[in-house]
Amino acid sequence: MRPTTLTRRAYHRLVKVADRARQAGTASLSARDWKQFVEDPSPSVRRALAARRDVPSWVLDRLAGDGDRRTRQAVVDNPGCPPELLLACLGDADRQIRWAAVQHPNADRAVRESAVRSPDREARWAAAQLRELEPDLIQAVIADTDWQVREQLAISTHSASVLEALMQDPDARVRGEVALNELATETQLWRLAEDSSAAARAKVAARDVLPQVVQRRLAEDRSGTVRWWLCVSHDRDIALMRKMSADPDELVASHAMTALEELTRHS
């Protein structure tokens, strides 16, 4: 049975929700069918409608304001969701929907700019993770008042100039994330290993691959926390473990000795 052959009330009463959802998601629909399904009392039916690739824009627009969160999520996850609707979704009450709107492939300059300049930290955070941000929007993120937004830029950027700018960030947590970016140079890692903040130096120590000169510098760091991160992050390095087994910090030395025993047992 199709919605066009019954009154709306009779259709909802006689046709199971699962069958209505299947029809809404797969059947060829008339204009009247679209209207009936978009007003269906079951969220699962409306979600099936929102996920269709051939869904008309007016249906997506209606469902973007749906009371069911998962229906609105289906709207913003739809590959055909237009930029103007993504822009409207930046005002959604749900953070995951706002996030998805910013990172949608159809998001245009207007969406990105609105996100970067939004009072909503979640939207700015999502924008900071975008690989392709216009230069003026990147500068806005670098100047963001929230360190976690700037931190996301340090994690995600593929720009050497942006990384260099973030080396000057007033927050050590942001500077430290530069060290974990795969594009960080040996010179930058050395400078961060000399940073005044142990939090930034610890991030360098936790990096998977370190130049030997930086590794040696951190093995002599005045902070036990920095040396601990170096030890646990590089405990497959037999020469480093030999050195750190004599560390003045008992926890560092103990971990290094345990790692050294394991390494020599299998060598």
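The values are calculated or read from the model by the stated rules, or taken from the named source; none is laboratory data. Computed from a predicted structure; not experimentally measured. Every residue, glycine as well, gets a Cβ built from its backbone with ideal geometry; the counts of neighbours run over all protein chains shown. Protein only, heavy atoms only, side chains kept; ligands, DNA and RNA dropped before computing areas. Shrake-Rupley method; radii C 1.70, N 1.55, O 1.52, S 1.80 Å.
Candidates Gln139, Gly80, Trp58 compared by Cα position along the dipole of the chain: farthest toward the positive end lies Trp58, with charges placed on Cβ. Working from Cα positions, state the angle (0 to 90°, nearest 10) between the long axis of helix 147-156 and the longest principal axis of the chain. Its long axis makes an angle of about 90 degrees.
Using the Cβ-Cβ distance between Ala110 and Arg216 with R0 set to 41 Å, the FRET efficiency works out to roughly 0.25. How many percent of all Cα-Cα pairs in segment 108-232 sit more than 16 Å apart? Everything past 16 Å amounts to 58 percent.
Largest to smallest in accessible area, the residues Arg265, Arg47 fall in the order Arg265, Arg47 (1.4 Å probe, all protein chains included).
Would you work out what percent of the accessible area of the chain, with all protein chains in place, is carbon or sulfur (probe 1.4 Å)? Could the numbers behind the result be given before it?
Numbers: 6960 of 13430 Å².
Carbon with sulfur: 52 percent of the solvent-accessible area.
Label reach from Ala18 (point 7 Å along Cα→C-beta): in segment 44-87, amide nitrogens under 18 Å belong to 44-49. Calculated translational diffusion coefficient of segment 22-93 (10 °C, 1.306 mPa s; Stokes-Einstein with Kirkwood radius over alpha-carbon pairs) equals 134 µm²/s. Fully extending the segment from Arg53 to Asp208 would add 51.6 nm, taking 0.36 nm per residue of separation and subtracting the current Cα-Cα distance.
One chain, two ends: Ala93 and Asp136. Fully extended at 0.36 nm per residue, the span grows by 12.7 nm beyond their Cα-Cα distance. Filter the trypsin sites (Lys or Arg not before Pro) in segment 130-235 to those in DSSP coil with at most 13 other Cβ atoms within 10 Å of their Cβ, and list the result. Passing both the DSSP loop test and the Cβ count: Arg131, Arg222. Both radii were evaluated on the Cα set of segment 186-266; the Rg over Rh quotient, with Rh as the Kirkwood radius, amounts to 0.96.
The label point for Glu261 and the one for Ile238, both projected 7 Å from the Cα toward the Cβ, are 1.8 nm apart.
How many times 2.2 N^0.38 Å is the alpha carbon radius of gyration of the chain? Please list the in-between numbers first.
Working: Rg = 26.8 Å, N = 267, 2.2 N^0.38 = 18.4 Å.
My calculation over the Cα atoms of the chain gives 1.46.
The helix-based estimate of mean residue ellipticity at 222 nm for the chain, built from -39,500 (n - 2.57) per DSSP H run of four or more residues and divided by its residue count, is -18000 deg cm²/dmol to the nearest 500.
Using +1 on the beta carbon of Lys and Arg, -1 on that of Asp and Glu, and nothing else charged, what's the dipole of segment 138-267 about the Cα centre, debye to 20?
Working: 15 positive and 21 negative charges, 62 e Å.
Computed charge dipole of segment 138-267: roughly 300 debye.
Taking all Cα pairs closer than 8 Å and separated by 6 or more residues, the relative contact order of segment 152-267 comes to 16 percent.
Counting other Cβ atoms within 10 Å, keep those with at most 13, restrict to DSSP loop, and tell me which GluC sites (Glu not before Pro) in segment 102-165 are left. Don't skip to the answer; put the middle values down first.
Details: sites: Glu113, Glu122, Glu132, Glu151, Glu164; in loops: Glu132.
Those that pass, being in a loop and sparsely packed, are Glu132.
Would you mind working out the accessible area per residue for segment 76-127, using a 1.4 Å probe, and quoting it in Å²?
Working: 2270 Å² over 52 residues.
Accessible area per residue, segment 76-127: 44 Å².
Convex hull volume of the Cα atoms of segment 54-163, normalised per residue: 87 Å³.
For the chain, what does the relative contact order come out to in percent, with C-alpha contacts under 8 Å and a separation of six or more? Walk me through the intermediate numbers first.
Working: 355 pairs, mean separation 19.3, N = 267.
Once normalised by length, the contact order is 7 percent.
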